[in-house]
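Visitor: Below you'll find the structure I mean.
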Amino acid sequence: MEKMRRVLYALISVLLLSIIIPFGSTSKSSGEEVLNANGHKERAIGIEPLDVSKNFKRFTYDSGLNFEYPDAVRGIYVTGNSAGGSRMDSLIDLVDSTELNAMVIDIKEDNGNLTFKPEKGSPYEEMAKPYIDDPHKMLKVLEEKGIYPIARVVVFKDSVLANKRPDLSFKQNGKVWVNGKDEAFVNPFKKEVWEYNVEIAKMAAEIGFQEIQFDYVRFPEGFENRDKELDYTLGDYKDSKKGNVKRRVEAVTDFVAYAREELENYGVDVAVDIFGYAATVEETPGIGQNFSKISENVDVISSMIYPSHWTSHFGIENPDEEPYKLVNEYAELENKLLDGLDNPPVSRPWIQDFEAPWLYDGPVKQYGKSEVEAQIKALKENGINEYLIWNAGNSYTENVDFAL
């Protein structure tokens, strides 16, 4: 009887909603998505707090594009500038003519700018740079080539939003705090920041991207040394009895879980980039990353395991000079962690195709065909068949055997 009563209440609720919010309605309120008379979605999103209680579950979104998940994703990083410029042709040729099959394309880049212009009147319009003239058209080309598209969304490193809304950032002496690279971050404790970024991810999904890769899902590096000297709010975490480290881990993990839930109806996978060293500790003291907790809330985990970014943690004196050994050691460690999870994500690490001159006083270790292949080989020997290749300038080594 109780079960029948619940079913009856659910049917009545659906009927009432259909009366209150008829199909084709053009009325909008903050945070809601509606269909206009032509069947197109409209969203009233500001960078004011959104009332998430007004978000209703809806049908799975169909972008009109059709991509198949590759046998194993093997991709390269592409900036918005490259994606919207003449270099895109050569990058497409690289992927199309090799065993590569995917591109990670900036949709929200490191400064906080969108890399394309959203529709006129969008609250994100002034945060956008017109690098990519027509992102849907770009994805149509990738569809024809069978290249799997992944949207990179940089989350908490965001100088644009921090300067526009200092209340969402960290302040010092009344001004927005910046790190040694003159970069500002926004506050992971603020759920308004979560919503702001997830709405961008939804736009990327609507354009046709098959996966959303969130990067900089963390507090600023070294935050454990400055958390007491910066001014910021703890938001909904102000009453938490946990210490500062665990509170940061909780906020970062909660964001990832929130993003995945919000994107559930868009038919996209959710990925997170994470520091490689996060796998070597229970939880990072400053940046708020816990490898296992983040992994439990994503479809894909992408550890940044560039040999140049490691110290001698694995007993390798100069990791940049021994890419195979470094990646092999890391892969063994990561496999043990993922094996301990009930539902482990796909492992798809970022590997290195660039030089690290800051490590050397003399000649710099060059990264070319053998170094890139050494990393791929080490991953594959540990059962990790997916990977992404990073080069900030999008200049990738030629003649690499990407399917070792």
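Visitor: Would you tally the residues in region 265-314 being more than 27 Å from residue 366 (Cβ to Cβ) and not hydrophobic (A, V, I, L, M, F, W, C)?
Guide: First, pick out the residues of region 265-314 that are more than 27 Å from residue 366 (Cβ to Cβ): 265-272, 274, 278-301.
So of that shortlist, the ones also not hydrophobic (A, V, I, L, M, F, W, C) come out as 265-267, 269, 280, 282-286, 288-290, 292-293, 295-297, 299.
Residues in region 265-314 being more than 27 Å from residue 366 (Cβ to Cβ) and not hydrophobic (A, V, I, L, M, F, W, C): 19 in total.
Visitor: Just to be sure before I move on: is residue 403 out of contact with any Asp or Glu (no Cβ under 7 Å at 6 or more places or on another chain), among the hydrophobic types (A, V, I, L, M, F, W, C) and either surrounded by fewer than 21 Cβ atoms within 10 Å (Cβ to Cβ) or on the phi > 0 side of the Ramachandran plot (or both) in the structure I sent? I'd like the intermediate steps shown before the answer.
Guide: Values: out of contact with any Asp or Glu (no Cβ under 7 Å at 6 or more places or on another chain): no; among the hydrophobic types (A, V, I, L, M, F, W, C): yes; either surrounded by fewer than 21 Cβ atoms within 10 Å (Cβ to Cβ) or on the phi > 0 side of the Ramachandran plot (or both): yes.
Judged against the criteria, residue 403 is not a match.
This table checks each residue for (1) in contact with a Phe, Trp or Tyr (Cβ under 9 Å, 6 or more places away or on another chain); (2) outside any helix (DSSP H, G or I); (3) over 29 Å from residue 221 (Cβ atoms); (4) free of Cβ contacts under 8 Å to residues at least 12 places away in the same chain.
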{"site": "110", "(1), (2), (3), (4)": "yes, yes, no, no"}
{"site": "120", "(1), (2), (3), (4)": "no, yes, yes, yes"}
{"site": "136", "(1), (2), (3), (4)": "no, no, yes, no"}
{"site": "142", "(1), (2), (3), (4)": "yes, no, yes, no"}
{"site": "185", "(1), (2), (3), (4)": "yes, yes, no, no"}
{"site": "188", "(1), (2), (3), (4)": "yes, yes, no, no"}
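Visitor: Read through the list (1) in a helix (DSSP H, G or I); (2) acidic (Asp, Glu); (3) crowded, with 17+ Cβ neighbours inside 10 Å, then give the number of the only condition that residue 126 fails.
Guide: Unmet for residue 126, out of (1) in a helix (DSSP H, G or I); (2) acidic (Asp, Glu); (3) crowded, with 17+ Cβ neighbours inside 10 Å: (3).
Visitor: Also, quick follow-up: Looking only at region 71-97, how many residues end up being part of a loop (DSSP other than H, G, I, E, B) and either crowded, with 17+ Cβ neighbours inside 10 Å or in contact with a Lys or Arg (Cβ under 8 Å, 6 or more places away or on another chain) (or both)?
Guide: Counting residues in region 71-97 that are part of a loop (DSSP other than H, G, I, E, B) and either crowded, with 17+ Cβ neighbours inside 10 Å or in contact with a Lys or Arg (Cβ under 8 Å, 6 or more places away or on another chain) (or both) gives 3.
Visitor: Hey, another quick one. When region 194-219 is examined, which residues are found to be aliphatic (A, V, I, L, M), crowded, with 23+ Cβ neighbours inside 10 Å and touching a Gly at 6+ places or on another chain (Cβ under 9 Å)?
Guide: Within region 194-219, 217 is the sole residue that qualifies.
Visitor: Additional query: Would you tally the residues in region 337-350 being touching a Ser or Thr at 6+ places or on another chain (Cβ under 8 Å), outside any helix (DSSP H, G or I) and of a type outside the set (Phe, Trp, Tyr)? Spell out the reasoning first.
Guide: Taking region 337-350 as the starting set, the residues that turn out to be touching a Ser or Thr at 6+ places or on another chain (Cβ under 8 Å) are 337-338, 340-341, 344-345, 347-350.
Filter once more, keeping what is outside any helix (DSSP H, G or I): 340-341, 344-345, 347-350.
Imposing the further condition that a residue be of a type outside the set (Phe, Trp, Tyr) reduces the set to 340-341, 344-345, 347-349.
Total meeting the criteria: 7.
Visitor: While we're looking at this one, here's another question. Checking the condition without any contact (Cβ under 8 Å) to a residue 24 or more places away in the chain, surrounded by 15 or more Cβ atoms within 10 Å (Cβ to Cβ) and part of a helix (DSSP H, G or I), which residue from 334, 329 passes? Can you show your working first?
Guide: Details: 334 fails: without any contact (Cβ under 8 Å) to a residue 24 or more places away in the chain.
Of 334, 329, the one residue that is without any contact (Cβ under 8 Å) to a residue 24 or more places away in the chain, surrounded by 15 or more Cβ atoms within 10 Å (Cβ to Cβ) and part of a helix (DSSP H, G or I) is 329.
Visitor: For region 194-239, name all the residues that are part of a loop (DSSP other than H, G, I, E, B) and closer than 19 Å to residue 111 by Cα. Before the answer, list the steps.
Guide: Start the filter on region 194-239 by keeping residues that are part of a loop (DSSP other than H, G, I, E, B), which leaves 208-210, 216-222, 226-230, 232-234, 238-239.
Those that are part of a loop (DSSP other than H, G, I, E, B) and closer than 19 Å to residue 111 by Cα: 216, 217, 218, 219, 220, 221.
Visitor: Something else about it: Between a first residue in region 283-304 that is within 20 Å of residue 390 (Cα to Cα) and a second residue that is in a loop (DSSP other than H, G, I, E, B), which pairs have beta carbons less than 6 Å apart while being 6 or more apart in sequence or on different chains?
Guide: 300/345; 300/348; 301/345; 302/348; 303/349
Visitor: Right, next: Which pairs do you get when a residue that is acidic (Asp, Glu), found in region 381-404, comes within reach of a residue that is in a loop (DSSP other than H, G, I, E, B), reach meaning Cβ atoms under 6 angstrom, with the pair 6+ apart or on two chains?
Guide: 386/72; 386/73; 386/348
Visitor: Would you be able to say whether some residue in region 240-256 is touching a helix residue (DSSP H, G or I) at 6+ places or on another chain (Cβ under 7 Å) and modelled with pLDDT under 95?
Guide: yes
The values are calculated or read from the model by the stated rules, or taken from the named source; none is laboratory data. Note that the structure is predicted; figures quoted are calculated from it, not measured. Reconstructed Cβ throughout: ideal geometry from the backbone, glycine too, with neighbour counts over all protein chains shown.
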